[in-house]
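Below: one structure, written as structure tokens.
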Amino acid sequence: MYLDYNATAPMRPEAREAVMEAMLAVGNASSPHLPGHAAAARVDKARKQVAELLGCSPGEIVFTSGATEANNLALRAGYSTGGGVITSVVEHPAVLEAARELTADTPNALTLLPVDADGLVDLVDLHKALASSKVSIVSLMAANNETGVLTDLAPIVEAAHAAGALVHTDATQMVGRLPVDLADLDVDLLSLSAHKFGGPQGVGALFIRRGIDLPFRPLIVGGGQERGWRGGTLNVSGISGAGAAAAAVTCALPVEQARITELRDKLEVALTQQTASSYINGARDQRLPGVSSVTFPGAPADAVLSAMPEVAASDGSACASGAPTPSHVLLAMGRNREEADSAVRFSLGYATTHRDIDVAIASTVRAVAQVRQALGSAI
Ligand code: PMP
């Protein structure tokens, strides 16, 4: 049972087909001959498809190797105007580490906003940080990868813009799971990764709102591709797959969203009823449809997952390198180390079935009981 869509989703058939088709063709998208034009046409098509999913113009999309690169690029660009960076303690390492690296010589330039027990940033803290020094960029994630908690971006954008700061959002877990409309959401920069919504791994994009002109040096210089934001021959097959996945999810999203929410709710009701003392992490009504971070006190998540190899879920920190560090997200939400180590993240997606959920429920209930018994946990 694959329930780790937040780590990566299976590739959609439409994406597989587009990748294969582009791989079998020859052509560098920058070459001025027919095969080159054909490759450029595939990239143009994908750019339109991604733009349509986001409600922006194709010219506002820069393809990258993933959200990690897009986040690094966004922060680097935003920071180039000379003010500080505001982000939060629960961001993905691709934002946190990029922000730390950029501000290494001027640590005062970095503000990390705390979150409450639900995983939400307090607007009052943001206003205070914006008022205390000149800020170039505010970077807050649209949806948290561990808990699915959603950030209410509209008031954040309003406050940041009023203070003259740009807004970036890491929307890697949101894109393809909930509607995103950049005609309405006034962020300046947005990152995504194709493999989270059924495209291939190793392809992402940074949305850069038209008119934004920043004095930064790109991460990768070379042939000036992607309007100078990122040098290098375009990954035509990967980009084609990203476009096809974007087009598929644009059509399927309303149906998938409702179906996945129903499955997630079924999982949560069953797990919290059938395992004593378990609870869901993150704001109940402000979460992605398909994510469930469940703490089973007295049952370390790594032991629970080992006791149910038939269920591919996550112990919260698998997005990183597999190193056994406690979840910085759950710690920031006020959980202690033991609680943070006892959370299993189930993440569902477009191909998840009722049977997957039935098996996950039965396996988890059994595994938690087994681990608690083995450890003599008094629950
Ligand atoms: N941001 C978030 C919120 C993520 O969940 C991930 C993937 N775990 C990334 C960024 C990085 O994406 P990628 O590894 O595809 O570059």
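Please treat every number below as a calculation from the coordinates, not as lab data. Just so it is clear, the structure is predicted and the values come from calculations on it, not from any experiment. For neighbour counting, all protein chains shown are included, and Cβ atoms are generated from backbone atoms with ideal geometry for every residue, glycine included.
Brief remarks on what is shown
- Three-way shape call for segment 1-90 based on the alpha-carbon gyration tensor, with the a/c threshold at 1.5: oblate
- Inter-label distance, nm, simple model (7 Å from Cα along the C-beta direction), ALA312/THR325: 2.5 nm
- Excluding exposed DSSP-loop trypsin sites (Lys or Arg not before Pro) (at most 12 other C-beta within 10 Å), longest clean stretch of the chain: 1-209
- Among THR233, VAL149, LEU34 - extreme Cα towards positive end, dipole of the chain, charges at beta-carbon: LEU34
- Shape category assigned to the chain from the gyration tensor of Cα positions, a/c cut at 1.5: oblate
- MRE, 222 nm, helices only [DSSP H, n ≥ 4, -39500 (n - 2.57), over the chain, to nearest 500]: -13000 deg cm²/dmol
- Computed from point charges on the beta carbon alone (+1 for Lys and Arg, -1 for Asp and Glu), the dipole magnitude for the chain about its Cα centre is near 580 Debye.
- Percentage relative contact order, segment 134-184, counting C-alpha pairs under 8 Å, at least six apart: 45 percent
- Potential lengthening between ALA276 and VAL221 on full extension [0.36 nm per residue; Cα-Cα distance subtracted]: 14.3 nm
- Taking amide H as placed 1.01 Å from N in the peptide plane, the amide H of LEU120 sits under 5 Å from none that are at least 5 places away or on another chain.
- Available extension along the chain between ALA38 and ASP213 is 60.0 nm, counting 0.36 nm per residue and deducting the alpha carbon span.
- Once the Cα-Cα distance is subtracted from the 0.36 nm per residue extended length, the ALA374 to THR106 segment shows a gain of 91.5 nm.
- If R0 is taken as 25 Å, the Cβ-Cβ distance between THR81 and GLU52 corresponds to a FRET efficiency of 0.25.
- Near ASP4, the amide H atoms lying under 5 Å from its own belong to SER347; only residues 5 or more places off or on other chains count, and H is placed 1.01 Å from N.
- Residues of segment 11-45 with amide N under 14 Å of a point placed 7 Å along Cα→Cβ from GLN201: 11
- Phi angles of segment 14-19 translate, via the Karplus equation with coefficients 6.51, -1.76, 1.60 and θ = phi - 60°, into HN-Hα couplings of 4, 6, 4, 4, 5, 4 Hz per residue; Gly and Pro are given as x.
- Note on the chain: antiparallel DSSP beta bridges, both residues inside, total approximately 55 percent of the bridges counted.
- Three-way shape call for segment 255-295 based on the alpha-carbon gyration tensor, with the a/c threshold at 1.5: oblate
- Entry note, segment 22-141: relative contact order of 22 percent, from Cα contacts under 8 Å with a spacing of 6+ residues.
- Sequentially through segment 366-379, phi angles give Karplus couplings (6.51, -1.76, 1.60; θ = phi - 60°) of 5, 5, 5, 4, 5, 5, 4, 5, 4, 8, x, 5, 8, 10 Hz, Gly and Pro residues having no value and appearing as x.
- In this label model, ALA154 and ASP265 are separated by 2.3 nm, measuring between points 7 Å along each Cα→Cβ vector.
- Computed on segment 241-352, with alpha-carbon pairs under 8 angstrom and 6+ residues apart, the relative contact order is 29 percent.
- Each label was represented as a point 7 Å from its Cα along the Cα-to-Cβ direction; for ASP181 and LYS134 these points are 3.7 nm apart.
- For THR64, residues with placed amide H under 5 Å, excluding near neighbours: GLY204, ALA205, LEU206
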